[in-house]
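Before any comments, here is the structure.
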Amino acid sequence: MRRHTPDAFDTAVQKGNIWLKDIEQAGKLRSRFQAYAALRSVLHALRDCLPPAEAVKFSAQMPLLVKGVFFDGWKVTPKPLRMTHAEFNIYIRHGLKEEGGVEPELALKAVLAAVCRHISPSVLDTLEPVLPREVHAVVHATLAGIRAEEVVKTAAAADIQSADMGGPFGE
């Protein structure tokens, strides 16, 4: 008997939902609709600040549906937008307009947390320097905060695990 959907589409939907779940949790959002709005608005803001070649490199490790969101409506221009921090926030806020209650800074942090989880650090390291100066600064600071929170979580998990073993030598 023939299946109705190719496995690639099932996998794409599954991976897309994992990204949305990660964004929803990282941003403490109320719904997948808010997570999707955050994903779309942040990815579009980042995409439009990147040179075309860098945008394509950035998307390479995204799952199919997330990549589709990233490229949806893209009008390729030879030069990226040169936004200030305030303009970047306005750009994100505009994308969030249908899902009220999500601030641009929260959306950025939630999406970058998912990006950190699913895209290799080397890709992110090459992305940051080509962003406009103020956008680079806010993205860099947000990524640093996310990475610091991960270090704290890992250390706390290790402390809990060693405490469960009854002492430093597993006694």
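For this structure, a couple of remarks:
- Residues in the range 20-49 that are outside any loop (DSSP other than H, G, I, E, B), under 14 Å from LEU112 (Cβ atoms) and among the small types (Gly, Ala, Ser): ALA26, ALA35, ALA38, SER41, ALA45.
- Residue, nearest to the chain's Cα centre (by Cα), within the range 17-52, restricted to residues that are under 30 Å from PRO78 (Cβ atoms) and small (Gly, Ala, Ser): ALA38
- Pick from the range 65-84, criterion β-branched (Val, Ile, Thr) and at pLDDT 95 or above, ranking: surrounded by the most Cβ atoms within 10 Å (Cβ to Cβ): VAL66
- Against the test of being of a type in the set (Val, Ile, Thr) and either touching a residue at least 12 places away in the same chain (Cβ under 8 Å) or at positive phi (or both), the options VAL42, VAL56 yield a single qualifying residue, VAL42.
- Of the residues ALA86, ALA114, the single one that is within 15 Å of LEU39 (Cα to Cα) and of a type in the set (A, V, I, L, M) is ALA114.
- Taking the criterion of being surrounded by fewer than 21 Cβ atoms within 10 Å (Cβ to Cβ), free of Cβ contacts under 8 Å to residues at least 60 places away in the same chain and under 14 Å from the mean Cα position of the chain (by Cα), the residues of the range 92-118 that qualify are GLU105, CYS116.
- Where a residue in the range 130-159 is within 16 Å of VAL42 (Cα to Cα) and touching a residue at least 24 places away in the same chain (Cβ under 8 Å) and its partner, wherever it lies, is part of a helix (DSSP H, G or I) and of a type in the set (Val, Ile, Thr), with Cβ under 7 Å and at least six apart: LEU131/VAL139
The values are calculated or read from the model by the stated rules, or taken from the named source; none is laboratory data. For clarity, every value in this text was computed on a predicted model and none was experimentally measured. Methodologically, a virtual Cβ is constructed for each residue, glycine included, from the backbone with ideal geometry; neighbour enumeration extends over all protein chains shown.
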